[in-house]
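Contents: one structure, followed by commentary.
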Amino acid sequence: MLLDVLLVAGGAVVLAYAGNRLVDFAVAVAEKARLTPAVIGLTIVAAGTSAPELLVSVTGALRGSPGIAMGNVVGSNVANIGLILGACALLAPIPVARGVLRFEYPFLLLASWIALLLSRDGWLDRLEGAFFLASMVAFTAYAVWVARRQITDAERSLVGETVPERAESLSRKPTWTLIFGILAALAGLVLGAHALVSGAVSLSRALGVSERVVGLTVVAIGTSLPELAVSLAAALRKQQEMAMANIVGSNIFNLLMILGAAGVIRPLPIEPRMISVDLWVMLAFAVLLFPLVFRRGLLTRGGGAFLFATYAGYVAWLVSNPR
């Protein structure tokens, strides 16, 4: 069991590091291509922070571990809101840009609801996976259009702040160096995902718990480390607005890109409890955000404490019901 724990922990660390480096190198390439910071922030950064979840879920699907693949996506979305936003709000209240509520948040609700509906037959098949991927392309095109035409200069500047500062120095390096860096980061993600999934599957067997529960907890938290690092760094730099935009964008990509890719590669059987409980919990956390932030345009410490406590209660319930 110790080896399994080390594989999970080591895989999570490698995923976090490789995911951050992938974002750095990808943003540097985008800056070389002269994309605006707002476009980069709404697309590349949000997608890049979801890269660990993508590799883990695809690896789980390929290894015949659908509980890991599906649990990782659902658990990551729940952890992003309950654990990460809750913890960041406890450090300092999080202002919410109107652009996030107008443009990205409705997409998150819609994607969460559709994921629940399409899962009710117990399968995510290739056609449904292709639908999610097509929706991801549409959302990305929409995000670029919004960044260029519909958001204010202040909101554009805010989204641009999600672009890593270290990518600016990388953008001055030769293109071949950046491409090599992207390939190396992707290789790290593959290795980290393989280690994490292998350790998680073995750990679930050793502890006598279902892959679903391990995917919803250990794996989901491990793959959410990049979002946690970005959001906590923003909160410590007094740039709390970035945390909400980062989490909402990442959750959208988790659903559209990761479920889409996993479903296209191999149709995923979905456990009944995932349908009857966990997908509803994921949707409930997304819905909860609106009343907590709409009136004041702010996620207060009280709201953060509520999200954090609710997430802790959900995890405690999973641990007490390991099958």
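Please go through the range 287-313 and pick out each residue that is among the polar types (S, T, N, Q) and either in a helix (DSSP H, G or I) or closer than 16 Å to GLU104 by Cα (or both).
First, the residues of the range 287-313 that are among the polar types (S, T, N, Q): 300, 310.
Once the filter is applied, which keeps residues that are among the polar types (S, T, N, Q) and either in a helix (DSSP H, G or I) or closer than 16 Å to GLU104 by Cα (or both), the range 287-313 yields only THR310.
Among LEU22, LEU35, LEU6, which is farther than 30 Å from LEU298 by Cβ, assigned to a helix (DSSP H, G or I) and either at pLDDT below 75 or of a type in the set (Lys, Arg) (or both)? If you could, list the steps in order and put the result at the bottom.
Values: LEU35 fails: assigned to a helix (DSSP H, G or I); LEU6 fails: either at pLDDT below 75 or of a type in the set (Lys, Arg) (or both).
That would be LEU22, the only listed residue that is farther than 30 Å from LEU298 by Cβ, assigned to a helix (DSSP H, G or I) and either at pLDDT below 75 or of a type in the set (Lys, Arg) (or both).
Looking at this structure, is PRO226 at pLDDT below 75, of a type outside the set (Gly, Ala, Ser) and not in a helix (DSSP H, G or I)?
no
Quick check: is even one residue across the range 179-198 at pLDDT below 80, part of a helix (DSSP H, G or I) and farther than 30 Å from LEU6 by Cα?
Checked the range 179-198: at least one residue is at pLDDT below 80, part of a helix (DSSP H, G or I) and farther than 30 Å from LEU6 by Cα.
Give me the pairs, please: first residue somewhere in the range 139-154 and outside any helix (DSSP H, G or I), second residue anywhere and of a type outside the set (Asp, Glu) and at pLDDT 75 or above, beta-carbon distance under 8 Å, and either six or more positions apart or on two chains.
Cβ pairs passing all conditions: ILE151/PHE103.
Return the residue satisfying two criteria in turn: it lies in the range 115-133 and is in a helix (DSSP H, G or I) and without any contact (Cβ under 8 Å) to a residue 40 or more places away in the chain, and of such residues it is nearest to ALA69 (Cα to Cα).
Here is the first cut: in the range 115-133, the residues in a helix (DSSP H, G or I) are 115-119, 126-133.
Narrowing further to those that are without any contact (Cβ under 8 Å) to a residue 40 or more places away in the chain: 117-118, 127.
Details: LEU117: 18, LEU118: 16, LEU127: 18 Å.
Here the residue is LEU118.
Does the range 59-77 include one or more residues that are touching a Phe, Trp or Tyr at 6+ places or on another chain (Cβ under 9 Å), surrounded by 24 or more Cβ atoms within 10 Å (Cβ to Cβ), at pLDDT 75 or above and assigned to a helix (DSSP H, G or I)?
yes
Condition (residue is modelled with pLDDT of 90 or more and more than 16 Å from the chain's Cα centre (by Cα)) applied to the range 249-266: is it met by at least one residue?
Yes - at least one qualifying residue is present in the range 249-266.
The values are calculated or read from the model by the stated rules, or taken from the named source; none is laboratory data. Here the structure is a predicted model, which means the values were calculated and not measured. All Cβ positions, glycine included, derive from the backbone under ideal geometry; neighbour counts span all protein chains shown.
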